[in-house]
Amino acid sequence: MAGTSRLVCNGFIEADTFERSKDDLIRFVGLTERQVDDRLETLMWALQRDADAAAERIPSRNLWVAVTAVEAPLLRVYLRPRGDVADECELLWIEERFEVPA
């Protein structure tokens with residue numbers, strides 16, 4: 001699956017970097033762990049149903065980004081297909097998504 005242009009997420013694994021970024025998000029943004037987990041559950045549900053619609057590929061990288069759609073603050077999650085398990089995704093990083101004024 002590594003290096004493909006299609007994302008399939010029937011399972012998820014969290015990288016060490018994801019746990020650290022999640023802890024930082026909770027500490028600096030002021031969300032509770034439950035609030036972050038609720039947003040992640042909703043996003044993972046969407047990724048399992050149609051990952052191509054829920055995430056956008058970062059050009060020339062084997063990396064995708066998805067944005068939670070529950071409520072503010074929106075969160076951006078970076079993920080990629082796992083090379084050793086074809087239909088699982090690895091959650092790499094989570095951060096607050098800042099809106100850029102037009």
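Each Cα pair of the range 60-102 feeds into the Kirkwood radius, which the Stokes-Einstein equation turns, at 37 °C and 0.692 mPa s, into a diffusion coefficient of 280 µm²/s. Report, in degrees rounded to the nearest 10, the 0 to 90 angle that the Cα long axis of helix 16-29 makes with the longest principal axis of the chain. For 16-29 against the chain, the angle is about 20 degrees.
For the pair Ala86 and Ile58, the difference between a 0.36 nm per residue extended length and the Cα-Cα distance amounts to 8.2 nm. Our Cα-only numbers for the chain put the radius of gyration and Dmax at 13.2, 41 Å. Considering only beta bridges that DSSP places wholly inside the chain, some 80 percent are antiparallel. Between the Cα long axis of helix 33-54 and the first principal axis of the chain there is an angle of about 30°, rounded to the nearest 10.
Every read-out reported here was derived from the displayed coordinates using simple, explicitly stated rules and does not represent laboratory data. The structure presented is a predicted model; accordingly, all values stated were derived computationally and were not measured.
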